[in-house]
Amino acid sequence: MKLHVITDGKRTADELVSILCSIHSQADHIHVREKNRSAKEIYQIVERLIDGGIPPKKLIINDRVDVAHSLGVGGVQLAYHSLGVSEVRKSFPDLQIGKSVHSYQEAVEAEQAGASFLLYGHVYSTMSKEHLKPRGVEELKAIASAVSIPVIAIGGITPEKTSELKNIGVKGIAVMSGIMSAKDPLKAATLYQTNRRKAGSDERKL
Ligand SMILES: Cc1nc(C(=O)O)sc1CCOP(=O)(O)O
């Protein structure tokens, strides 16, 4: 299972660079999701992350295909308001394209349109999506067995949820507040990573 860390749009550029450079060794992917920043600001932050030692392929840019393409990073994450998967796929055949989905139908369509992986959520209740009912694991389980691209779970994921998600065929977890708002983000990321590895080895023992 992969660990995706999602930025929360609440930090100054300096804080963001400092947190991400300190935790990146524990993360498989880092999604730069800074919805209130311009393409230029995101570009400059990502340049600093790369200069700070984060391998470009680890970085996934939310929404901004232009930034992802011009910096040659690991991919783009498309939301409902983003360009469509098939339009992006047509122009960038080799780009890793993640698509955020919220139903079985959206998941199947995103795979058909050429998505490389899916983020499905929000699975558990979370302060990051306050007042919105969580979707639970049933639909997630159905999606994970219906599509052949990796499905990543997002929303309210604590380290303890890792093995439940692993058991239903999810290929990764995406975490925002559990790491970005932690008093010690490196310690938090390490705990997620340890549980993720443990979930993998428990499964191999079965
Ligand atoms: C950014 C995001 N997208 C979601 C979706 O359902 O697509 S849920 C979510 C927030 C996840 O935050 P946390 O790890 O703090 O619960």
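The values are calculated or read from the model by the stated rules, or taken from the named source; none is laboratory data. For clarity, every value in this text was computed on a predicted model and none was experimentally measured. Here the Cβ positions follow ideal geometry from the backbone for every residue, glycine too, while neighbour counts run over all protein chains shown.
Within the stretch 111-133, residues that are over 16 Å from H4 (Cβ atoms) and among the small types (G, A, S) reach partners that are within 7 Å of the ligand (Cβ to nearest atom) and in a loop (DSSP other than H, G, I, E, B) with beta carbons closer than 7 Å, at six or more positions or on different chains, in the pairs S125/G156. Residues considered: K35, K2, K10, K40. Of these, the only one that is surrounded by fewer than 21 Cβ atoms within 10 Å (Cβ to Cβ), under 17 Å from G172 (Cβ atoms) and among the charged types (D, E, K, R) is K2.
The set of residues in the stretch 103-119 being within 12 Å of the ligand (Cβ to nearest atom) and within 13 Å of A79 (Cβ to Cβ) consists of E106, L118, L119. Per the conditions (1) within 11 Å of the ligand (Cβ to nearest atom); (2) in a loop (DSSP other than H, G, I, E, B); (3) within 18 Å of D28 (Cα to Cα); (4) not small (G, A, S), the sole criterion not satisfied by Y192 is (2).
Under the condition of being within 9 Å of the chain's Cα centre (by Cα) and among the aliphatic types (A, V, I, L, M), the residues counted in the stretch 2-18 number 3.
The criterion of being closer than 30 Å to S22 by Cα, within 11 Å of the ligand (Cβ to nearest atom) and crowded, with 20+ Cβ neighbours inside 10 Å holds for V123.
Scanning the stretch 138-172 for residues that are away from the ligand (no atom under 12 Å from the Cβ), in contact with a strand residue (DSSP E or B) (Cβ under 8 Å, 6 or more places away or on another chain) and more than 22 Å from V85 (Cβ to Cβ) yields T162, L165.
Exactly one residue among S128, S100 is within 10 Å of the ligand (Cβ to nearest atom), of a type outside the set (A, V, I, L, M, F, W, C), modelled with pLDDT of 95 or more and under 16 Å from the mean Cα position of the chain (by Cα), and that residue is S100. For the stretch 162-179, give me the residue count where each residue is closer than 13 Å to N195 by Cβ and among the charged types (D, E, K, R). Qualifying residue count, the stretch 162-179: 2.
Evaluation of L186 against the conditions (1) among the aliphatic types (A, V, I, L, M); (2) within 13 Å of the ligand (Cβ to nearest atom); (3) closer than 29 Å to R11 by Cα shows that the sole unmet condition is (2).
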